[in-house]
Amino acid sequence: MPSIILRLTLLWSTTKLSFAAGSDLSISIYRKTLNQSYLVHVSRNSSDTINTISNKANAVIGVLLMLLNLIGTIVILITITTTLIIINPIVALISIFGSAFFYIIIGLITRRKLQINSLEIASESTNMIKSLQEGLGGIRDILLDGTQETYCEIYNISEYKLRKAQSSNSFISNSPKFIMEAVGMTLISVIAYFLVSKSDNLTTSNAIPILGVLAIGAQRMLPILQQGFIAWSTIKGSSASINDTLELLEQSVQTNLVKELISFNSEIYLKNISFQYTKEGPEIINNLELKINKGARIGFIGETGCGKSTLLDIIMGLVSPSLGQILIDGIPLSEKNVSSWHKNIAHVPQSIFLSDSTISKNIAFGIPKDQIDLNKVILAAKNAQLDEIINTWENKYNTIVGERGVR
């Protein structure tokens, strides 16, 4: 009974601890990711980021659970080993080193395959999410073009590679158990034959206790060693996902807290602005000088790729120029006051974003539901000349717009 209570307590504590740590890990990664600069976000693939936060973080939870189990396994193994040494040191050392030797050999043989599988799992899980995003995101064009099978095939390739790598890891983790059972039985038979054949030193009667100790030791130790091997192979097979998760976890945080206030009463002055996304890449903007007075209406015209959107991103403070300065009423725009500058910006992008929620929540974007001021929402809708049509709908401002506004 005490043994059952101890095992249940250990299971409960390790499971609770690993999942709580995994939750904190996922939240921390999401918070740090949201606080990265705009330039970081546009340089990343969103599929990879989503996959790391949702799926690869789960792999870390499994690894944490396995690490805790591995620690428990080592403690139990030491206890069993000590007991066997007290009963019969020679038999104990034979059984311990014999079993450990075979698991080490198996580990050396399979570690490269586990590493390859870990890379495959990390890569293909991202490709699956990318395939889903592209297929569902472009569903209108897919239906019109009749290219459903093309996207199904792309998804199928990633799905097959992922499941193949996962099944390979599962086989590697669980197969040593059957090998060790056969090896253990063979080892006990060989030792039994050896002990009985030494009739001048040992008799059958005193060989039986030794074999009994060996059998009990093998019965107790093999499941523990197998559990330890599963923990090790799981960690090894998830190493690539762990590295991807830790990479996001180690991101430096750029908070949006206002450190210095900046006012806008007169003009925006772009002083000798130059910009390139990378040092090796082309110069998108070259030595631009421009003054925009408050109240002016300015349009930027040019061919695709000439830098119009990039220039607007620079003016809004989403990206910093490679050279030059942005002066707001003579004050340089910097990391300390850019958050204050953002509060002066209203932005209507080329590709709008609408969340799958109500009209009022989309108008009051980013404000918690219980803090939304409906009067301000209605005023904004009236200014945008949307109030009349919204009031013709059954649920008015509580109407669900659908994903990206499809409804």
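The values are calculated or read from the model by the stated rules, or taken from the named source; none is laboratory data. The structure displayed is predicted, hence computed values, not measured ones. Here the Cβ is made from the backbone with ideal geometry for all residues, glycine too, and neighbour counts use every protein chain on show. Keep in mind that these areas ignore ligands, DNA and RNA; they rest on the heavy atoms of the full protein, side chains included. Shrake-Rupley method; radii C 1.70, N 1.55, O 1.52, S 1.80 Å.
Some points to look at:
- Counted over the stretch 229-302 with a bin width of 5 Å, the fraction of Cα pairs per bin, in whole percents, is 3, 9, 9, 11, 12, 14, 10, 7, 7, 6, 5, 4, 3, 1.
- Packing order of peptides 261-272, 287-298, highest average first: 261-272, 287-298 (average count of other Cβ atoms within 10 Å over each peptide's residues).
- Debye equation applied to the C-alpha atoms of the stretch 98-188, log10 I(q)/I(0) at 0.21, 0.25 Å⁻¹: -0.96, -1.13
- Tally of Lys pairs whose C-alpha atoms are under 23 Å apart, taken over the stretch 303-387, 8 or more apart or cross-chain: 9
- Across the stretch 149-165, computed HN-Hα scalar couplings (Karplus, 6.51 cos²θ - 1.76 cosθ + 1.60, θ = phi - 60°) run 5, 4, 6, 5, 5, 4, 5, 4, 5, 5, 4, 5, 4, 5, 5, 5, 5 Hz from first to last residue, x flagging Gly and Pro.
- Cα gyration tensor category, rounded, prolate or oblate, for the stretch 350-396 with a/c compared to 1.5: rounded
- Rounded to whole Hz, the Karplus (6.51, -1.76, 1.60) HN-Hα couplings of the stretch 286-296, x for glycine and proline: 10, 6, 7, 10, 8, 10, 10, 7, 4, x, 6
- Backbone phi angles across the stretch 30-39, fed through the Karplus curve with coefficients 6.51, -1.76 and 1.60 (θ = phi - 60°), yield HN-Hα couplings of 4, 5, 5, 5, 5, 8, 7, 5, 4, 4 Hz in residue order; Gly and Pro are listed as x.
- With a 1.4 Å probe rolled over the protein heavy atoms of all chains, the accessible area of Trp232, Trp12, Trp341 falls in the order Trp12, Trp232, Trp341, largest first.
- The percentage of C-alpha pairs in the stretch 293-373 whose separation is greater than 17 Å is 62%.
- Protection proxy ranking, highest mean first, for peptides 159-171, 142-154: 159-171, 142-154, where packing is the per-residue count of other beta-carbon atoms within 10 Å, averaged.
- For the stretch 224-359, the orientation-averaged shadow of the C-alpha convex hull comes to 14.6 nm² (one quarter of the hull surface).
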